[in-house]
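The values are calculated or read from the model by the stated rules, or taken from the named source; none is laboratory data. Since the model is a prediction, treat every value here as computed from it, not as a measurement. When we count neighbours, we look across all protein chains shown, and the Cβ atoms used for this are built from the backbone with ideal geometry, even at glycine. Please note that ligands, DNA and RNA were not included when accessible areas were found on the heavy atoms of the full protein model with its side chains. Shrake-Rupley method; radii C 1.70, N 1.55, O 1.52, S 1.80 Å.
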Amino acid sequence: MRRAQKSCQLCEAGVRLINYKDEKSLSRFVTDAGKILPRRMTGMCARHQRQVGTAVKRARYLALLPFARTYGE
């Protein structure tokens, strides 16, 4: 049993480059714990997945996105 092939949302929208300064759009690709979602969950193509990973890491470094949202207690 195979799942239906997901198409890349960013390719369909015509997005060429992902900006690390846009934390609102980047937060869609990050879990509550602060981890980057994998391709199999987002359905993105390899090119956009690499761009999202790089943009999230840059945004974390500049404190636009948190490294982790939940703290262990």
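In a shell of Cβ-Cβ distance under 11 Å around Gln49, excluding Gln49 itself, what net charge do Lys and Arg (+1) and Asp and Glu (-1) give?
Charge balance in the 11 Å sphere: +4.
Using a cut-off of 14 Å between beta-carbons, work out the net charge of the residues near Phe67 (Lys and Arg +1, Asp and Glu -1, Phe67 not included).
+3
Over the chain, what portion of Cα pair distances is larger than 17 Å, expressed as a whole percent?
44
Note the full-extension length gain between Arg3 and Leu64 as 0.36 nm times their separation in residues minus their Cα-Cα distance, in nm to one decimal.
That works out to 18.5 nm of additional length.
Quick check for you: with a 1.4 Å probe and neighbouring chains kept, what is the accessible area per residue of the chain, in Å²?
81
Nearest 10 degrees, 0 to 90: what angle lies between the long axis of helix 46-61 and the longest principal axis of the chain (Cα atoms)?
10
Sort 13-19, 55-61 for me by packing, meaning the mean count of neighbouring Cβ atoms within 10 Å per residue, highest on top.
Highest-to-lowest ranking by the protection proxy: 55-61, 13-19.
How much of the accessible area of the chain, in percent, comes from carbon and sulfur atoms when a 1.4 Å probe is used?
That share works out to 52 percent.
Amide H of Val30: which non-local residues (sequence gap of 5 or more, or other chain) have their own amide H closer than 5 Å, using H built in the peptide plane?
Leu37
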